[in-house]
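Here is the structure we will look at.
Derivation of every value follows stated rules applied to the coordinates shown; laboratory data play no part. On a predicted model such as this, the values are computed, not experimentally measured, just so you know. Don't worry about glycine lacking a Cβ; one is built from the backbone with ideal geometry, like all the others, and counts go over all protein chains shown.
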Amino acid sequence: MSLVDYAKTERQRETVQVWEDCGRHTSKAAGILNISPSTVRDHVTAVKSKAAAAGYSDNWDASRHVPEGEHVIGRSIYTEDDEGNKAWLKTRRTMTDAERDKALQGFVDGLIKGVKPYKPKAKPKTKKFDSNLLPTIVIGDAHFGMRADARETKERDYDTKIASQDMITAIDCLVDLAPAAEKCLLVNVGDFIHANGSSGTTFAGTKLDVDTRIEVVLETAAQTFLFAIDKILSKHKTCVVVMARGNHDSDTAIALALILKFYYSKEPRVTILDPHGFFHTLQFGQNLIAVHHGDKVKAAKLGSLLPKMLPEQWATTNYRKWLVGHIHHQSAIEVDNGCKIEAFGTLSPPDSWHAGAGYGAASVMNQIVFHKDGGEAIRHVYQIRDSRKVPDLTI
């Protein structure tokens, strides 16, 4: 085995091979590949991390001792303390945020290799726009990549293909219902991707029911967003996309946002907000709108958090609202300072575990139309009518 064997993408494989052929000289490899030295370092670091998890390093190859499907989680050293007592010292290395960001960027680079920035052709038919309204489509926890079997859940079947079809149908309907406003806001409140990577687990490591490889899930998710944004641009002048990180997809949410930022890097009508961090805020006239997944800060506390985050904007607006997800059903509260916190439902049905625990709600997607003077002017709700909810037997 060699380091090249642990490359995850063709871009990584090519970069590491050239780097090896150049005697591991980063600048020389960068010159041959016509990329920056930092990009070479990022690819090499990502591959080294993958190799280390499999038990391989430059001076030690224990990969033959690691069974297929398993990975190295640490190292044990037999040593002794200052008093001569024998002991095993167990260590485990965790990835830093900077290393995780670099690994994500390397993964995204591999996905978009050879792809050119996208230039939408869609344009609004109308020439009269209402600048006082802001249609806001809120995507609840979509869980692209989840597998659910109707025989187990007593709900609908669900997989990546179905998730995409459901969202496309919902977006198509909601945009058609929206007023002809200048701007449109597309908000993903988190957990759009079911798993946080190729391991098929959440960010915390919980094992999940997944239906396909993470590369396929991200590609399908990106294509679905392309449809959504194109549809929005056929009705509105501009589109702003907010991509919140959830407890399932803390890293893959960033990867998806970076893919979209690349796609629309030459399209001034589309703005993809920076996906880093866990809170996102926007102001529209007298409205202060905030987005959070809802897993890290409970709803009641979010109300007191917003005036601390943006005291000046809090003082100059009269309608403040948090858009959150996580609980998979519609719920809204108003706290003492007047701030509203609304949790939004999702189009996805429950998976096996949630169905077995009694969870489940209507499959919906909401569009709120904010008025510039403050508050909600119109609301549209798209709902999937589920035909499977019947008894197992009628006698």
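The region of the chain that goes longest without hitting one of the GluC sites (Glu not before Pro) in a DSSP loop, each with at most 13 other Cβ atoms within 10 Å, is 84-395. Compute the angle between helix 37-53 and the longest alpha-carbon principal axis of the chain, please, reported from 0 to 90 degrees and rounded to the nearest 10. Relative to the chain, helix 37-53 is tipped by roughly 70 degrees. Using alpha-carbon pairs under 8 Å, 6+ residues apart, how would you state the relative contact order of the stretch 181-293 in percent? 33 percent. If R0 is taken as 35 Å, the Cβ-Cβ distance between Lys116 and Lys48 corresponds to a FRET efficiency of 0.70.
By the helix-only formula, in which each DSSP H run with n ≥ 4 contributes -39500 (n - 2.57) and the sum is divided by residues, the chain has a 222 nm mean residue ellipticity of -10000 deg cm²/dmol.
Charging the Cβ of each Asp and Glu at -1 and of each Lys and Arg at +1, and nothing else, the dipole of the chain about its Cα centre rounds to 1360 debye.
If you plug the beta carbon distance of Phe129 and Ser331 into 1/(1 + (r/R0)^6) with R0 = 35 Å, you get a FRET efficiency near 0.60. Cβ-Cβ distance of Ala204 and Gln313, R₀ of 45 Å, FRET efficiency by 1/(1 + (r/R0)^6): the value works out to about 0.85.
Summary value for the stretch 232-347: 20 percent relative contact order, contacts being C-alpha pairs under 8 angstrom separated by 6+ residues. Treating the angle as unsigned and between 0 and 90°, give the value, to the nearest 10°, between the Cα long axis of helix 252-263 and the longest Cα principal axis of the chain. So the helix axis and the longest Cα principal axis differ by about 70 degrees.
Anything over 22 Å Cα to Cα? Flag those among Lys121/Lys261; Lys183/Lys301; Lys207/Lys298; Lys8/Lys90; Lys48/Lys266, in the order listed. Exceeds cut-off: Lys183/Lys301; Lys207/Lys298; Lys8/Lys90; Lys48/Lys266.
Computed about the Cα centre, the dipole magnitude for the stretch 286-367 is approximately 160 debye when only Lys and Arg (+1) and Asp and Glu (-1) carry charge, each at its Cβ. Listed by chain and number, the lysines placed with their C-alpha closer than 20 angstrom to that of Lys389 are Lys154; residues fewer than eight positions away on the same chain are left out. Compute the length gained on full extension between Gln165 and Glu376: take 0.36 nm times their separation in residues and subtract their Cα-Cα distance, giving the result in nm to one decimal. Length difference between fully extended and current span is 73.1 nm. Partner aspartates and glutamates whose Cα lies under 19 Å from the Cα of Lys372, excluding those fewer than 8 positions away in the same chain, are identified as Asp130, Glu182, Glu312. Once C-alpha pairs closer than 8 Å and six or more residues apart are averaged by separation and normalised to the residue number of the chain, the relative contact order reads 16 percent. Candidates Trp314, Phe262, Tyr118 compared by Cα position along the dipole of the chain: farthest toward the positive end lies Tyr118, with charges placed on Cβ.
Report note on the peptides 239-250, 128-139: ranked by the mean count of other C-beta atoms within 10 Å, highest first, their order is 239-250, 128-139. Just to confirm the number: angle between the C-alpha axis of helix 299-309 and the first principal axis of the chain, 0 to 90 degrees, nearest 10? On a 0 to 90 degree scale, this one is about 90.
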